[in-house]
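The block underneath contains the structure these notes are about, expressed in C-alpha cells.
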Amino acid sequence: MKIETIEASAIEKRSFEIITDELNKAGITVDERTAFITKRCIHTSADFDYAKTLTFSEGCVDVMKSLIRKGACIVTDTNMALAGINKKKLASFGAKAVCFMADEDVAEEAAERQITRAAVSMERAAMLSENVIFVIGNAPTALMKLHEMMEDGVYTPEFIIAVPVGFVNVEAAKELFIGTDVPYIINRGRKGGSNIAAAIVNAVLYDM
C-alpha cells in the first residue's frame, strides 16, 4: 500500500473523498440531506456500517439547527462526548453543552435511589429552562428514563441523539424512540459511542 504525500490541512478533505469513493464503489446510497452526518461518523470510526444503521426522523437536521440557533443546551451522558463537541462553534450560536454525570450530588442521589447516574442526569436536564438536545453515546438507561418521563406525561424531549454502544439494553433502548414524535438521530444496533455522539453534533455545527 502506497503512502500518500499530502499536506496536513488537506488530510480531512482527502478522508471524505475516500469515504465518498468507497461508498460509491460499494453501491451504497446515503440520503443527501443527512450524508454529511453519516460521512462524519464514518470518518470518526472508519466503520461503513453507519451508512446502513444511522436513522433520521423526518426534518431532524432543520429541527436541531433551529434549536441550536435558539440557544439550546446540549446535555451529554459522558464527559468524553462533552469534550469532543466543538464548544467554540456551539457558543457562536449562543448555545452551550453540559454533562451532569460527574456531579457529586447526582452520584449521591443515584446511590440513594439505587438507579444510574445517567437516569438522574436526565431528570436534572429536564428541569433546565433552555431547550435541550440530548446527546446519548453510552448509557441506555438515559434513554429509558427519558422514555419513562414521556410515558408518564411529565416531560417530552425536544431532540435526541441516541447512539449508545454496548450489549445490555442498548438496542432496545434506541428503538423506544423510533416512530415517536420526538425528533431524533439514532444509530440502530449495538454500535455507537461518545465519539460518534460528538461527531454528529459537530457535523451539524459545521454545516450551519
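Computed values, structure above
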{"item": "Any hit, the range 104-116, residues being under 24 Å from Ala203 (Cβ atoms) and surrounded by 15 or more Cβ atoms within 10 Å (Cβ to Cβ)", "result": "no"}
{"item": "Matching residues, the range 155-167, being over 17 Å from the mean Cα position of the chain (by Cα) and farther than 20 Å from Ala72 by Cα", "result": "Phe167"}
{"item": "Condition broken by Val120, with the remaining ones in (1) within 20 Å of Ile186 (Cα to Cα); (2) surrounded by 23 or more Cβ atoms within 10 Å (Cβ to Cβ) satisfied", "result": "(1)"}
{"item": "Any chance Arg33 is within 30 Å of Asp181 (Cβ to Cβ), touching a Phe, Trp or Tyr at 6+ places or on another chain (Cβ under 6 Å) and surrounded by fewer than 15 Cβ atoms within 10 Å (Cβ to Cβ)", "result": "no"}
{"item": "Condition met for Ser57 (of a type in the set (S, T, N, Q), crowded, with 16+ Cβ neighbours inside 10 Å and closer than 16 Å to Ile200 by Cβ)", "result": "yes"}
{"item": "Where a residue in the range 118-134 is closer than 16 Å to Val182 by Cα and its partner, wherever it lies, is outside any helix (DSSP H, G or I) and of a type in the set (D, E, K, R), with Cβ under 9 Å and at least six apart", "result": "Met122/Asp77; Asn131/Lys70; Asn131/Glu158; Val132/Glu158; Ile133/Glu158; Phe134/Asp77; Phe134/Glu158"}
{"item": "Residue list for the range 60-72, restricted to those being under 11 Å from Asn131 (Cβ atoms), surrounded by fewer than 19 Cβ atoms within 10 Å (Cβ to Cβ) and not β-branched (Val, Ile, Thr)", "result": "Ser66, Arg69, Lys70, Gly71"}
{"item": "Unmet criterion (only one of (1) in contact (Cβ under 8 Å) with a residue 12 or more places away in the chain; (2) in contact with a strand residue (DSSP E or B) (Cβ under 9 Å, 6 or more places away or on another chain); (3) surrounded by 13 or more Cβ atoms within 10 Å (Cβ to Cβ); (4) not β-branched (Val, Ile, Thr)) for Lys87", "result": "(1)"}
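Per-residue answers, yes or no, for (1) touching a helix residue (DSSP H, G or I) at 6+ places or on another chain (Cβ under 6 Å); (2) among the small types (Gly, Ala, Ser); (3) farther than 15 Å from Ala118 by Cα:
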position	(1), (2), (3)
Pro140	yes, no, no
Leu146	yes, no, no
Val165	no, no, no
Glu171	no, no, yes
Gly179	no, yes, yes
Ala199	yes, yes, yes
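Each reported figure results from applying straightforward, stated rules to the coordinates on display, with no laboratory input. What you see is a predicted model; the values in this text were computed from it and never measured. When we count neighbours, we look across all protein chains shown, and the Cβ atoms used for this are built from the backbone with ideal geometry, even at glycine.
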